[in-house]
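Below is one structure, written out as structure tokens; comments come after it.
Please treat every number below as a calculation from the coordinates, not as lab data. This structure is a prediction, so every number in the text was calculated from the model and none was measured. Cβ: placed from backbone, ideal geometry, glycine included. Neighbour counts: every protein chain shown.
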């Protein structure tokens, strides 16, 4: 493993080059070199520790190779290019025939190809076993550091496995093709493709998260209804994610109620399906990945499961995409923090390296705490996925995905904004990665259900399943006695958990407290002592903290920053 450079040795970081020439007005000095040509796995001590601890040590060599490819200057440039050249909608060809296509920059396709070659879209389903989901989460985390948008179709394809199993006899060809690792972006019928990807269309403009209010209608075609039967869908979807996927999981109202359908881009008879793209969304972030408005004009779909169970069936998918939102937000945090640390180790102000100045050390260490806590929680849930046949792990995954989706995906925006400020004016320039990270930061808090939806989901789980609450208690009790602030936090939390029937107006406070409790418990068990203690003292101590950089006296900021640094 590579060792981390000491904070007090900025000479271990390459110095910025100087430029002077006859007649030049200035030298380029005190300007950091960009962070590139490094290994995202070897340089991430928290990730390496989590991979080993959670059961995927056998994948370390593969992750090392993947991390080296991702850290190359050429690969990092792919992320910039994929976001600089937005997807372009092509509704018709020049003769007026419908195409319903989206053109992406080659950089997007290159990242998709690598993700699928690594199995990030489904390796744990094809090669299950100890640490399979942990290894996949680690790979997806590193790839999301480089570029987040292409992760959307990768995540949805990964999460589509369970809903497709609801009609396995009919969807068997799809299950085979989504297992393929040879990325095939061509818009062709399934039997002509080497591999396939799956998207999702749940949201309608009148309902948003309230998918029971959807108005899209589904009626059975010849042969009647039932699992695997073909239906005609008529309606409008306000958000269709990754519209160049080969098929989409779609909710529509059948006679038996809201139902889940697989809607391919091509019909069974080889004709183009009546799924018509109206426009692409002009998004603030996640711009490399297209999102579309779409009309379903009696589009052919395959019923997954039974009529009326569509929301339950598609929630099997949503639970996994929510987990991937945790991974993605943790990745944005990581990249933002390492960029800030790397910059501050190469720049002087007032005669001293920024990274040696006490106040900046406080800020950088505080950001590093948040980043490691997010990753540690996320990787613990990856192990729960691997061990979901165990009831305890299954309940932890059910609760933890909503807690983490709320806690981590909300914190990333503040972390990223503070990291931009650490870099200063150069961090606002579109020539660096920071503006892209900043625009990406709020996205995962909204995708797959916003904060209030996650809070209501937590309350639903706690009220309906005493086993879920028992699982939470077991997890946090493992760190009991590890820190006084942690013990007090758990005691206060128990008062709220005793009154679940009346706590809905304060549900955000409850969910935040539960999320930080799980993160603190994991850090106390597994992280270096200075890091775990600083997290407990600042996140659980009860004092109001509105900003980063308010760690108390006595925190070993040098150790925390040194662990987080990328080089």
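Find the eigenvalues of the gyration tensor of the Cα atoms of segment 439-557, then list the square roots of 5 times those eigenvalues as equivalent ellipsoid semi-axes, largest first, in whole angstrom. Mind dumping the intermediate values first?
Values: eigenvalues 125, 74, 35 Å².
Over the Cα atoms of segment 439-557, the ellipsoid semi-axes are 25, 19, 13 Å.
Residues in segment 64-105, backbone N under 17 Å from the label point at residue 36 (7 Å along the Cα-to-beta-carbon vector): list them, ranges by number please.
68-85
Report the convex hull volume per residue for segment 311-369, counting only C-alpha atoms, in Å³.
Working: hull volume 4.2 nm³, N = 59.
Cα convex hull per residue, to the nearest whole number: 70 Å³.
Taking only Cα atoms, what is the 0 to 90° angle, nearest 10, from helix 310-344's long axis to the longest principal axis of the chain?
Between the helix axis and the principal axis of the chain, the angle is about 30 degrees.
Evaluate segment 184-308: find the radius of gyration of its Cα atoms, find its Kirkwood radius, and give the ratio Rg to Rh.
Details: Rg = 14.1 Å, Rh = 14.6 Å.
A ratio of 0.96.
Can you grab the distance from the C-alpha centre of segment 147-167 to the C-alpha centre of segment 514-562, Å, no decimals?
34
At a 10 angstrom cut-off on C-beta neighbours, averaged per residue, how do the peptides 193-204, 487-498 rank from highest to lowest? List each step's numbers first, then the result.
Details: 193-204: 22.7, 487-498: 14.4.
In decreasing order of mean packing, 193-204, 487-498 become 193-204, 487-498.
Using the Kirkwood formula over every pair of different C-alpha atoms, what hydrodynamic radius in Å results for segment 291-434? Don't jump to the answer; show the numbers that get you there.
Details: mean 1/r = 0.0555 Å⁻¹.
18.0 Å is the Kirkwood radius here.
Rg(Cα) of the chain divided by 2.2 N^0.38 Å? Spell out each step's value before the answer.
Details: Rg = 24.1 Å, N = 567, 2.2 N^0.38 = 24.5 Å.
For the chain, the normalised Cα radius of gyration is 0.99.
Calculate, for residue 269 and residue 68, the FRET efficiency according to 1/(1 + (r/R0)^6) with r their C-beta to C-beta distance and R0 45 Å; round to the nearest 0.05.
Values: r = 47 Å, r/R0 = 1.04.
Efficiency computed from Cβ-Cβ geometry: 0.45.
Would you please give the FRET efficiency between residue 498 and residue 545, computed as 1/(1 + (r/R0)^6) with r the Cβ-Cβ distance and R0 = 30 Å, to the nearest 0.05? If you can, show how the numbers build up before the last one.
Numbers: r = 26 Å, r/R0 = 0.88.
That gives a FRET efficiency of 0.70.
Based on the mean of other Cβ atoms within 10 Å per residue, sort peptides 479-485, 555-561 so the most packed one is first.
Numbers: 479-485: 16.3, 555-561: 20.9.
Peptide ranking by packing, descending: 555-561, 479-485.
Say a paramagnetic label sat at a point 7 Å from the Cα of residue 477, along Cα to Cβ; which residues of segment 354-398 have their backbone N under 13 Å from it?
From segment 354-398, the list is empty.
Relative contact order for segment 184-308: what percent, with Cα pairs under 8 Å and sequence separation of 6 or more? Let's see the in-between values first.
On the way: 299 pairs, mean separation 37.0, N = 125.
Across segment 184-308, relative contact order equals 30 percent.
Report the label-to-label distance for residue 295 and residue 278 in nanometres (one decimal), using points 7 Å from each Cα along the Cα→Cβ vector.
Distance between label points: 0.8 nm.
Measure nothing fancy, just the Cα-based angle from helix 106-117's long axis to the longest principal axis of the chain, in degrees from 0 to 90, nearest 10.
90
How much mean residue ellipticity at 222 nm does the chain get from its helices, if each DSSP H run of length 4 or more adds -39500 (n - 2.57) and you divide by all residues, to the nearest 500 deg cm²/dmol?
Working: 20 runs with 275 residues, N = 567.
One gets -15500 deg cm²/dmol as the mean residue ellipticity at 222 nm.
Relative to the present Cα-Cα distance, how much length would full extension add between residue 172 and residue 61 at 0.36 nm per residue of separation? Walk me through the intermediate numbers first.
Details: separation 111, 0.36 × 111 = 39.96 nm, distance 3.27 nm.
Contour length minus Cα-Cα distance gives 36.7 nm.
Give the distance, in whole Å, between the Cα centre of segment 27-42 and the Cα centre of segment 311-362.
First find each Cα centre; the distance between them is then 17 Å.
Points 7 angstrom from Cα along the Cβ direction at residue 356 and residue 389: gap in nanometres?
About 5.7 nm separates the two model spin labels.
Where does segment 63-174 land on the Kirkwood hydrodynamic radius, alpha-carbon pairs, in angstrom?
Values: mean 1/r = 0.0633 Å⁻¹.
The Cα-based Kirkwood calculation yields 15.8 Å.
Remind me, relative contact order of the chain in percent, using alpha carbon pairs under 8 angstrom and six or more residues apart? Display every interim value, and only then the final one.
Details: 1060 pairs, mean separation 86.4, N = 567.
Rounded, it is 15 percent for the chain.
Of the listed peptides 159-168, 206-215, what is their order by residue-averaged count of other C-beta atoms within 10 Å, with the highest listed first?
Descending mean neighbour count gives 159-168, 206-215.
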